[in-house]
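Colleague: A single structure is presented below for examination.
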Amino acid sequence: MALFRRENIAVPDDKKGQMVYKWPDLNIRRYSRAIVAPDEVAVFLYQGQVIGTLPPGRHMVDATELPFLGIFKDMLTAGNAYRTELYFISTREFPDLRFGGRIDDVQDPQTGLVVALRVFGEYSAKIVDGSALITKLTGTVNVTDNSSITDWIAEQLLKVMRTDVTANIVRNGWPILGLAAYVPQMEQAILQGAGEQLATYGLAVARMGNFTVSLSDEDEETLKGLAKDTAYSRLAGGFQQYAAGELQLGAGQGMAKGGGGTGGAFVAAGLGLGQSTLQSQQSPPAPPAPGFAGGGPGFTPPAPAGGAGPATAAPSVTCPQCGTASSGAKFCPNCGTALPVAVECPACHSENPAGSRFCAQCGTSLQGGAAPPAGDAPAGGDAPPASEPPPATPPAG
């Protein structure tokens, strides 16, 4: 009988890649040799209960050496065999295991947009408690395909990530486009969170690698476009100025590519209409810096000279040559013509358009005198000049 011919019990060479290997016979011959490799542990079970384990080495299957086998003698073989199940559990690391999938819909703290996050990466798994793995996860079967274990580990990793990554984005305000800066923190948190869950089943994630959190192509393009518009708006001083510049640039490019037949007056009218439309709409203030990773320090309005009075925006000046409106510029951004110099108020230091007689902010005279009190102007029109030349003397005789 095969029962009496078998002398050595070990994992066959072609099964060394299995995490869990079950010895096929339930009757194990007495005095057989159980050979446990250095990266294995042997577990004996009877009716689903662990009755003993063997560390690496060569062990004689006999109750005198393994006392826990004494009550499992097979009487049908006159005590020459033991009625038990034997499992070999691999304790080495299994690297290059992949995981990935969709995490959740998350609201970007910087833009308020809701985007779908995905994660991809690799990990290495290790069995730290073979008895717990068999009794709580795999059961008393021969696990010929490791994916039944590794797929379950990947699911636990994704479950932890759904909770941890989403919580950090909401609680700490992590920008979606800057999540790569927080990968080490995410890896550490996932290893800790998943480790607590996997330890119950005798498993552990030894390390992670190539960890990436990504967006769909559509969401990424939307966020990058919004990041560019926000950064340019801050640099230009506001969305209105940025939009006006984009409008002029687009018109110029259109003329260069095929607008040669379009009359200059029509293009100028279009530019004027676009600018008047933009100026008639109150643009929202530029978002506070930094907003986006790499977005620059942000736009800061110029402080008034001397620190007195509230900060006011530079007045809009119209180019006398082409009619382009600009703010705070000394030369026209469209044709380069020198622009009229703004007049600074001596009292509140705010700037007023060239040629102004009184300050638009405090009413101070910009002609060198104080502002006239309300109601002192004569009822018939403007006050007469300070002095008039004497009337001409008629010639004598």
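The values are calculated or read from the model by the stated rules, or taken from the named source; none is laboratory data. Source: prediction; values computed, not measured. Cβ coordinates were reconstructed from backbone atoms using ideal geometry, including for glycine residues, and neighbour counts include every protein chain displayed.
Colleague: Tell me which residues, restricted to the range 154-210, are of a type in the set (S, T, Y) and surrounded by 14 or more Cβ atoms within 10 Å (Cβ to Cβ).
Modeller: T163, T166, Y182, Y201
Colleague: Going residue by residue through the range 74-95, is there one that turns out to be loosely packed, with under 13 Cβ neighbours inside 10 Å, over 57 Å from the mean Cα position of the chain (by Cα) and in a loop (DSSP other than H, G, I, E, B)?
Modeller: The answer is yes, given that some residue of the range 74-95 is loosely packed, with under 13 Cβ neighbours inside 10 Å, over 57 Å from the mean Cα position of the chain (by Cα) and in a loop (DSSP other than H, G, I, E, B).
Colleague: Condition check: aliphatic (A, V, I, L, M) and modelled with pLDDT of 85 or more. Does L177 satisfy that?
Modeller: no
Colleague: Then there's this: Where the second residue is assigned to a loop (DSSP other than H, G, I, E, B) and modelled with pLDDT under 90 and the first is of a type in the set (S, T, Y) and surrounded by 14 or more Cβ atoms within 10 Å (Cβ to Cβ) and lies in the range 8-34, which pairs have Cβ atoms under 7 Å and are six or more apart or on separate chains?
Modeller: Short answer, once both residue conditions are applied: Y21/N142; S32/R6; S32/E7; S32/V61.
Colleague: Could you list, in sequence order, the residues of the range 141-161 that are more than 16 Å from Q185 (Cβ to Cβ), assigned to a helix (DSSP H, G or I) and of a type outside the set (S, T, N, Q)?
Modeller: Of everything in the range 141-161, those that are more than 16 Å from Q185 (Cβ to Cβ), assigned to a helix (DSSP H, G or I) and of a type outside the set (S, T, N, Q) turn out to be I149, D151, W152, I153, A154, E155, L158, K159.
Colleague: From the residues in the range 324-361 that are part of a loop (DSSP other than H, G, I, E, B) and among the aliphatic types (A, V, I, L, M), which one is modelled with the highest pLDDT?
Modeller: Looking at the filtered set, the residue picked out is A347.
Colleague: Checking the condition at positive phi and in the same structural domain as G139 (by TED's automatic domain parsing), which residue from G57, G101 passes?
Modeller: Answer to the check: G101.
Colleague: What residue, of P38, P56, is in contact with a strand residue (DSSP E or B) (Cβ under 8 Å, 6 or more places away or on another chain) and not acidic (D, E)?
Modeller: Exactly one residue qualifies, and that residue is P56.
Colleague: Restricting the search to the range 107-140, which residues are at pLDDT below 90, surrounded by fewer than 18 Cβ atoms within 10 Å (Cβ to Cβ) and part of a strand (DSSP E or B)?
Modeller: Hits for the range 107-140 are Q107, V114, A116, R118, F120.
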